[in-house]
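The values are calculated or read from the model by the stated rules, or taken from the named source; none is laboratory data. Note that the structure is predicted; figures quoted are calculated from it, not measured. We place every Cβ from the backbone using ideal geometry, glycine too, and count neighbours over all the protein chains shown. The accessibility values were calculated without ligands, DNA or RNA, using every heavy atom of the protein model including side chains. Shrake-Rupley method; radii C 1.70, N 1.55, O 1.52, S 1.80 Å.
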Amino acid sequence: MSRYFVDRVSRRVVYIFGVVAFLILVFIAIFILKESLPALKELGIVNILFGAKWYPSKDTFGILTMLAGSVVTTLLALAIAMPLALGCAIFLAEVAPPHIRNIVRPAVELLVGIPSVVYGLVGMLILCPVIARLSGTGSGSSVLAAAVVLAIMVLPTITSISEDSLRAVPARYKEGAFALGATHWQTIHHVLLPAARRGITAAVILGTGKAIGETMAMVMVIGNSPIFPASIFRPARTLTGNIAVEMASATGIHESALFTTGLVLFILVLLINSIGLLAYRRRA
Amino acid sequence: MINLSPKFTQKLAWSSIWTAGVASVLILLFIIGYVLTKGLSAISPEFLFTAPEGGLSGEGGISSCIVATLWLILITMAILIPLGIGAAIYLAEYAPDNKFSRLIRYSVELLAGVPSIVFGLFGFAIFVLALHFNYSILAGALTLVCLLLPFLMRSAEEAMKAVPQYQREAALALGATKWQTVVHVILPAAMPGIITGITLCVGGVVAESACLYVTMGGSAAMPTSFLSGGRTLAVHVFYLAMETNALDKALATGAVLIILILILNFITRWLSQHFQAKMSGGI
Amino acid sequence: MDPKIQTKELGFYYGKVQALRKVTLDVKEHQITALIGPSGCGKSTFLRTLNRMNDIIPNTHLEGEVLLDGLNIYEPEIDVVEVRKRVGMVFQQPNPFPKSIFENVIFGPRMLGLNHLTSLDEVVERSLKAAALWDEVKDNLGKSGLALSGGQQQRLCLARVLAVEPEVILMDEPCSALDPLATLKIEELMQELKQSYTIVIVTHNMQQAARVSDWTGFFLLGELVEYNKTSEIFSRPKDKRTEDYITGRFG
C-alpha cells in the first residue's frame, strides 16, 4: 500500500468521522420527533404543553406541571448557585494566591466528575431529612432539596466560564483603575465585572441548560409527584424525571407522550444553549 | 443609604470571596468524605465478588455491576476513541474554513449540551427498538458514544490545534504526506491532551446513569455478552436508593464510584505531567 | 548550464493582497543564491513558493510558473510531496520535532518508507556528519532534539533535510535566531554543501549575503528589483533602489 493511497483514504475516513457529530444531532431530532408523533397527533401539541394533568391510566398527558417543576427548580438552583459561583470565579481569577488556587480549581473541576447518583444519594440522606424537619411535614423530598443539589451540580460550569471571562478582560483596564487609586474590590466591582458581563451571562445561561437537563439526582430528591410546585417544601416533578420514572413501564401512546416530553426538553435545551453559546462568543 | 469606606467594602468583599472559594472545596470534601466514611466499611471482598440479588431486597454485592461497567467502558471506548480522534483530526487538520465546517463545529457544541436522558430516548428509539439490540450493554455503549463524542472531539481538537504550525511545516517540507504528518508529528505531540480527554470520557462512562437507565434494562444478573442487559455501578446506586431500603449498600456502591473517579482523576493529572516533562526535552 | 529552478512571471496573493509581482528569476545549479530586501518585501513568500509550502496557507493563490529542471511544479498532475522531497527547507526558527536526535534525522527517510535499521544508522551518521553535528552528538543520539543548543538544533534541522537527499535546499533566514559563532558554522557548512546541492537562502543580513552567495536578488514591495552576480550587485548595483538599500539608506 503506497503512502499516497493511505493519505487519500484517510482523508476521506476522517471526513466521514467529522460529519458524524452533525448526523447524530440530526438523527436525535428525527427519531424523537418520529416517536412523539402518535401522541402529538392524538392529543395535540396544545393539550400536551398546556395540560396540567398527567394521568397515564386515563390517557391524559399534560406536561405543564413538569415544565413548571423544571423551571422553578432551575431558577431556584441558579439563585443559590450564582453568589457562590461568582464569588468562586472572582476568587480564582483575582484573589487566590497560586498555591490556594491550585487546590480550589481542581476541587471545583472534580465536582463535575462526581456521578449524578452520588449527588442524589447524599441529597436523599442529608438534605431531605433536614428539610423535612424544617417544614415539619413529609419526607423532605422537595423542590428545595432538588434546587440545592442542582446548585452544587452547576457550580463548576458557572464558575469556570465566569473565571475565563474575568481573565479575558485586558490587563490595561485593571491597571487603569489601580492607577486612579481604586481598591482591588472597587476595580473588580466597577471595571472587571462590567467588562466580563457578557461572559458571565453566558455562564449563567449555559448553567441553566445543564440544570434543566439533569435527571437522576432530581428524581432522587424531588419526590416526582406530577403537581405544580406550589411550595419549595413540597414535591414536584421535572421533565427529565418524567421520562426516567415512567419509561420502563410505558407502552403505546404513553411511551409516545414521554418522547414528546423529551422533544420539549430537547428543543428547550437547544434554544437555551444556542443563546448561551452566542453570548459566550460575543463575550469579548 | 450608609456610606461605607472603600477600605471597609474591600475587607467585606474579600471575606465573602474567600468564603465562596473555601466553601466550594468544603462542599467537595463533605460529599466525598460523607460517602467514603459511610460507605467504605461495607466494602469487603464478599461485597465486590457476589452478585446483587435484584428485586426489592437490595441484598448481595455488586459483582455483576462491576462486570457490566467494565464491559461498557470497553465497548464504548473501542468505538469512541477512533471515532472521536478521527473526527477531531478532520476538524483540526483538514476542515476548510467554510460554512459547512462551522455547521459541524456548532453541532458539536450543541450536542455537548443535550441532556443525558434525551440521548437515552434517542438510544432507546434507534438502538433498542429500530436496530433490535434490545436492552443491552451494546445499546448503552452506542448511546454513550453519541453522548461523549463531542467531549472527546473538543479535547482532541484543542490538543492538535495547540501543536505549533512549524511542526507541520517541518514534516511537510521533509516530504511527508499530510496523513504522515498527522500520525507521526501531530498525534504524538497532542497525545497528552488526547489522553486526558480519553480518561475524562472513561470517567463519564462510570458516572453516567440517566441514558443507561433507559437503554440497558437494569437487570442485576451477571452479563454473559455485550448483548446482555445489565446495570452499571451508578445505575445500581439509583436502584438501591429508590427501590430498596439497602441504603448502606447504596453508600458502599457510591464509595466504589467515588474511588474510581478519584483514581481516574489522579491518572489524568499524572499522565499529563509525565508527558509534559517528556515533551520539554528533559528525557 | 540550464538553471535548476526558474520562475516565470510569478505572482502570489494572500486573499486580495498581492505579495509577489511578476517575479522572473533563474536559480543556478550548485550555486548559492541569496534573496535580500526589507521586511515584508516578499522574499520569504517567494522562497516558500519554490517547494509549494504556501499551499498550506488558506485563501492564497498563485499565478505564473515555477520550473524545477524545466517542469512546472504547479501542474495539477505534479505530486506536491515529491516536490518537497526534492526541494528541502530549513526554517527561520530551529524546529526539531520533540523526538530524539536519531528520530529527527530519520524522519524523512521513514516517511519515504525506508525502514532497515542498518541503513538507517548509516543515513543518520552521514547526514549528521554533513551537517557538522556528528562529533557533538554521536554519543547521545537518543537525546531529545529539543535539548540541544539553538545552533545545534538548526544544524540538526539541516541534517534532517540532508537525510532526504534533496536536490535543492531552501533556507529561510536560518541564522536569525543564532549567535555569531553558530552563524559562522552554518555559513561554512553552506560552502561545503554547495558542491552537492543547490542552495537558496533568504537573509536579512546583507553582509551574510555578500559573504556566502554567488548570486543575489533584491526584493522590494513584492518585486524582484535586481538580480545579478553577488559581486556585481554589491559593487555596481544597476538600480538606484538597490544601491540605496545596500548602502543602508533604508530597510
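Things to note:
- Exclusive hit being of a type in the set (Gly, Ala, Ser), under 24 Å from B:Tyr166 (Cβ atoms) and either modelled with pLDDT of 90 or more or open to solvent by less than 40 Å² (accessible area, probe 1.4 Å) (or both), set C:Ala182, C:Ala210: C:Ala182
- Residues that are more than 7 Å from chain B (Cβ to nearest Cβ) and not charged (D, E, K, R) were ranked within the stretch A:95-107; the one that is surrounded by the most Cβ atoms within 10 Å (Cβ to Cβ) is A:Ile100.
- Restricted to the stretch A:194-204, and to residues there that are more than 23 Å from A:Gly113 (Cβ to Cβ) and touching a residue at least 12 places away in the same chain (Cβ under 8 Å), the residue that is most open to solvent (accessible area, probe 1.4 Å) is A:Arg198.
To keep it simple, each residue is scored yes or no on (1) buried (at least 19 other Cβ atoms within 10 Å of the Cβ); (2) in contact with a Gly (Cβ under 6 Å, 6 or more places away or on another chain).
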residue	(1), (2)
A:Arg237	yes, yes
A:Gly241	yes, no
A:Met247	yes, no
A:Thr251	no, no
A:His254	no, no
A:Val269	yes, yes
A:Ser274	no, no
A:Leu277	yes, no
A:Arg281	no, no
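- Yes/no for A:Thr260 being at pLDDT 95 or above, under 18 Å from A:Glu35 (Cβ atoms), of a type outside the set (A, V, I, L, M) and touching a Gly at 6+ places or on another chain (Cβ under 7 Å): no
- Where helices (runs of 4 or more DSSP H) fall wholly inside the stretch B:99-216, the ranges with 1 or more residues that are aliphatic (A, V, I, L, M) and either open to solvent by 10 Å² or more (accessible area, probe 1.4 Å) or over 25 Å from B:Asn265 (Cβ atoms) (or both) are B:99-113, B:116-123, B:137-161, B:165-173, B:187-207.
- Pairs meeting the criteria (first residue in the stretch B:34-54 and among the charged types (D, E, K, R), second residue part of a helix (DSSP H, G or I) and open to solvent by less than 40 Å² (accessible area, probe 1.4 Å), beta carbons under 6 Å, at least 6 apart or on different chains) are B:Lys38/B:Leu251.
- Selection from the stretch B:149-176 of residues that are facing another protein chain (nearest Cβ under 7 Å) and in contact with a Gly (Cβ under 8 Å, 6 or more places away or on another chain): B:Leu149, B:Met153, B:Ala173, B:Leu174, B:Gly175, B:Ala176
- Restricted to the stretch C:216-251, and to residues there that are aromatic (Phe, Trp, Tyr) and either in a loop (DSSP other than H, G, I, E, B) or open to solvent by less than 30 Å² (accessible area, probe 1.4 Å) (or both), the residue that is modelled with the lowest pLDDT is C:Phe250.
- Restricting attention to the stretch B:115-124, the residues that are within 7 Å of chain A (Cβ to nearest Cβ) and aromatic (Phe, Trp, Tyr) total 1.
- Tally of residues being within 11 Å of another protein chain (Cβ to nearest Cβ) and without any contact (Cβ under 8 Å) to a residue 40 or more places away in the chain across the stretch A:55-94: 3
- Some residue of the stretch B:244-267 being touching a Gly at 6+ places or on another chain (Cβ under 6 Å), in a loop (DSSP other than H, G, I, E, B) and open to solvent by less than 20 Å² (accessible area, probe 1.4 Å): yes
- Once the stretch B:1-50 is narrowed to residues that are more than 7 Å from every other protein chain (Cβ to nearest Cβ), open to solvent by less than 70 Å² (accessible area, probe 1.4 Å) and hydroxyl-bearing (Ser, Thr, Tyr), the residue that is farthest from A:Leu150 (Cα to Cα) is B:Ser5.
- Qualifying positions in the stretch C:150-163 - open to solvent by 20 Å² or more (accessible area, probe 1.4 Å) and not polar (S, T, N, Q): C:Gly150
- For the stretch A:61-118, a residue qualifies if it is farther than 19 Å from B:Ala23 by Cα and not aliphatic (A, V, I, L, M), and the qualifying residues are A:Phe61, A:Gly62, A:Thr65, A:Gly69, A:Ser70, A:Thr73, A:Thr74, A:Pro115, A:Ser116.
- Of the criteria (1) without any contact (Cβ under 8 Å) to a residue 60 or more places away in the chain; (2) within 23 Å of B:Ala162 (Cβ to Cβ); (3) facing another protein chain (nearest Cβ under 7 Å), which one B:Ala112 fails: (3)
- The listed residues are C:Thr24, C:Thr33, and the only one of them that is in contact with a strand residue (DSSP E or B) (Cβ under 9 Å, 6 or more places away or on another chain), open to solvent by 10 Å² or more (accessible area, probe 1.4 Å) and under 16 Å from C:Gly217 (Cβ atoms) turns out to be C:Thr24.
- Residue within the stretch B:72-89 that is at pLDDT below 90 and open to solvent by less than 70 Å² (accessible area, probe 1.4 Å) present: no
- Answer residue from the stretch C:117-149, given it is open to solvent by 80 Å² or more (accessible area, probe 1.4 Å) and of a type outside the set (D, E, K, R) and is nearest to C:Ser100 (Cα to Cα) among those: C:Leu117
- Answer from A:Glu42, A:Glu35 - the residue that is open to solvent by less than 70 Å² (accessible area, probe 1.4 Å) and more than 30 Å from A:Ile161 (Cβ to Cβ): A:Glu35
- Residue match in the stretch C:109-116 (condition: within 29 Å of C:Thr203 (Cα to Cα) and open to solvent by less than 10 Å² (accessible area, probe 1.4 Å)): yes
- Inter-residue pairs, beta-carbon under 6 Å, first within 8 Å of chain B (Cβ to nearest Cβ) and in the stretch C:74-95, second part of a strand (DSSP E or B), 6+ apart: C:Gly88/C:Ile169; C:Met89/C:Leu170; C:Phe91/C:Asp172
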